[in-house]
Every structure is written in structure tokens, then in C-alpha cells.
């Protein structure tokens with residue numbers, strides 16, 4: 001209801017936005033009767049006229065609208081845990097509590113088909129290698145998020161990998177101009193900054209089943225690795241001229257094996 005949204009938005013505007021806050025993480029708006037029992041059931045009747053089942057579907061969108069009302073003209077790239085394809089025009093990144101690393105990579109790849117953006121947050125790890133591998137994926141995503149409140153201390157301290165993480169953050173910083181350009185294109189054309197290979201190489205049937213590689217902005221192809229890969233994975237490069245992003249060496253087309261502690265990234269030259 002408008003009255004409730006106005007109260008909610010004005011509270012955020014007065015106590016948070018006025019202090020300079022320009023982004024919010026809209027959590028816990030994705031429940032349903034089939035998953036958890038911590039929120040309203042489907043049989044709920046709301047003053048707006050919606051029932052619980054309808055509101056489960058609209059909760060994230062209405063939440064975003066209320067926060068955008070609070071933000072006013074402020075530019076934002078916020079997060080939400082419930083959004084549909086028709087909400088792709090809102091400046092929010094979708095994320096989830098699903099935490100299998102392969103699921104997160106698949107989410108990054110597939111989200112672009114609906115126009116939505118997907119953020120693979122990092123909040124815990126089984127080992128030093130697992131933490132670094134997860135952050136490598138997150139650095140090459142639309143938002144680089146470490147869910148720090150979840151951790152008792154900065155996770156790179158617990159895993160003794162501060163130098164490696166600092167380098168990854170420096171890489172992320174260097175990618176910002178590329179992301180800004182890709183987001184401008186996304187705003188004007190709807191072409192997502194991160195997308196599956198098949199979106200650009202539709203005539204190449206080898207790309208149809210690839211759900212663990214993706215295009216990052218207009219120039220890069222990223223092939224994340226999990227801790228379970230044991231530093232080796234198969235990579236596919238479509239037709240064209242590619243070079244290794246880290247070494248500048250020419251890379252072959254087609255399938256080949258990579259063995260590295262780094263994340264495989266390739267730059268498209270033509």
C-alpha cells in the first residue's frame with residue numbers, strides 16, 4: 001500500500017540515505033511455502049488485495065520500488081534476493097543463499113538470458129584454496145561481494161592469504177572502467193555485461209552446453225575453477241583471435257586443458 005511504502009521509504013531516506021548510503025542489500029524477500037516457514041503463508045490476505053502466493057512473487061519488486069523511492073535521484077547498484085525477468089530494468093543485482101561453487105558459476109552464466117544480473121557472494125570456505133577460488137569468480141562478476149558480517153574475522157586472515165586477496169582486489173579495481181562501459185551498453189541496448197558464450201556465438205554448437213565459462217564485458221572470456229578442479233580444467237575458446245589475459249600469449253581455438261592456480265581469462269582481439 002502507498003501509505004506503508006511512504007513510511008518505509010521516508011525512514012530509509014531520513015536515517016540512511018541522508019548520511020550518504022547509496023546502496024542496500026534487500027534480504028529475506030524470496031521465501032515460499034515450499035521452502036521455509038519463517039514468513040507469511042500462501043493463505044495470507046494483505047490490505048492491498050493480494051494473497052500470500054501473489055505477494056511471494058511481488059515481494060522483491062515492491063521492495064526495490066520502496067528503496068528506489070528512498071534513494072531518489074541517487075545512482076545505485078544494490079542487491080535483491082527476489083526478482084523476475086521483467087524487473088531487469090531496476091538497478092539491482094540478484095543473489096541467493098545457494099552456496100555450491102558450481103551453482104554460483106552457473107548462475108553467473110545463465111542470468112543474462114533473462115536480462116538480470118547475478119552476484120556470487122563469498123562468505124565462507126572449506127579451505128584456503130576454496131576461498132581463493134570463490135573470490136576469483138566473484139572478482140569477475142557484476143559485483144565483487146564478500147559477505148563480511150557472516151565471518152568472525154576477515155577470512156583472508158584466517159586462511160593466511162592476505163597478499164593473494166589484495167592482488168585480486170587490485171585486479172577488480174582495474175576492471176571498473178571496463179564494467180562501466182559495459183553497463184552503459186547494458187542500459188542502452190539490454191545486452192548484459194556478463195553472458196553465456198552461446199549469446200555471442202549462437203552458430204557454434206560447442207557453446208550450447210557450456211555453463212562454466214562466460215563473457216565478461218566485451219573483451220574477456222572467463223573460465224572459473226573450483227577447489228575440486230585441483231588446478232586443472234578444460235577450456236573452450238570459440239572462433240576468433242584470443243590471447244591469455246595474464247601473459248599476452250596467443251591461445252588456441254577449440255578445447256584445451258589448463259593447469260593453473262590463477263583463474264583462466266582470455267582477451268578477445270578480433
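The values are calculated or read from the model by the stated rules, or taken from the named source; none is laboratory data. From a predicted model like this one, the values you see are computed outputs, not experimental measurements. Glycine also receives a Cβ, built like all others from the backbone with ideal geometry; neighbour counts cover every protein chain displayed.
Restricting attention to the stretch 127-143, the residues that are under 11 Å from residue 225 (Cα atoms) and within 10 Å of the chain's Cα centre (by Cα) add up to 1. Inspect the stretch 151-163 for any residue being surrounded by 14 or more Cβ atoms within 10 Å (Cβ to Cβ), over 23 Å from residue 258 (Cβ atoms) and either within 17 Å of the chain's Cα centre (by Cα) or modelled with pLDDT of 95 or more (or both) and give the result as yes or no. No, there is no match, as no residue in the stretch 151-163 is surrounded by 14 or more Cβ atoms within 10 Å (Cβ to Cβ), over 23 Å from residue 258 (Cβ atoms) and either within 17 Å of the chain's Cα centre (by Cα) or modelled with pLDDT of 95 or more (or both). Annotation: of all residues in the stretch 231-270 being touching a helix residue (DSSP H, G or I) at 6+ places or on another chain (Cβ under 9 Å) and part of a loop (DSSP other than H, G, I, E, B), the one that is nearest to residue 178 (Cα to Cα) is 263.
Give the residues of the stretch 85-142 that are surrounded by fewer than 17 Cβ atoms within 10 Å (Cβ to Cβ) and farther than 21 Å from residue 188 by Cα, sorted by residue number. Hits for the stretch 85-142 are 96, 97, 98, 99, 100, 102, 103, 123, 124, 126, 127, 128. The set of residues in the stretch 32-66 being more than 19 Å from residue 86 (Cα to Cα) and within 27 Å of the chain's Cα centre (by Cα) consists of 32, 33, 34, 35, 36, 37, 38, 39. Being within 22 Å of residue 109 (Cβ to Cβ) and in a helix (DSSP H, G or I): is that true of residue 136 here? Yes, satisfied.
Within this structure, residue 224 passes the test of being out of contact with any strand residue (DSSP E or B) (no Cβ under 7 Å at 6 or more places or on another chain), buried (at least 18 other Cβ atoms within 10 Å of the Cβ) and within 19 Å of residue 140 (Cβ to Cβ). Taking the criterion of being assigned to a loop (DSSP other than H, G, I, E, B) and modelled with pLDDT of 95 or more, the residues of the stretch 218-230 that qualify are 223, 224, 225, 226. Among the residues of the stretch 64-108, the ones that are assigned to a helix (DSSP H, G or I), farther than 21 Å from residue 133 by Cβ and touching a residue at least 40 places away in the same chain (Cβ under 8 Å) come to 6 in all. Taking the conditions (1) out of contact with any strand residue (DSSP E or B) (no Cβ under 6 Å at 6 or more places or on another chain); (2) under 26 Å from residue 178 (Cα atoms); (3) at pLDDT 90 or above; (4) in a loop (DSSP other than H, G, I, E, B) in turn, residue 143 satisfies each one other than (1).
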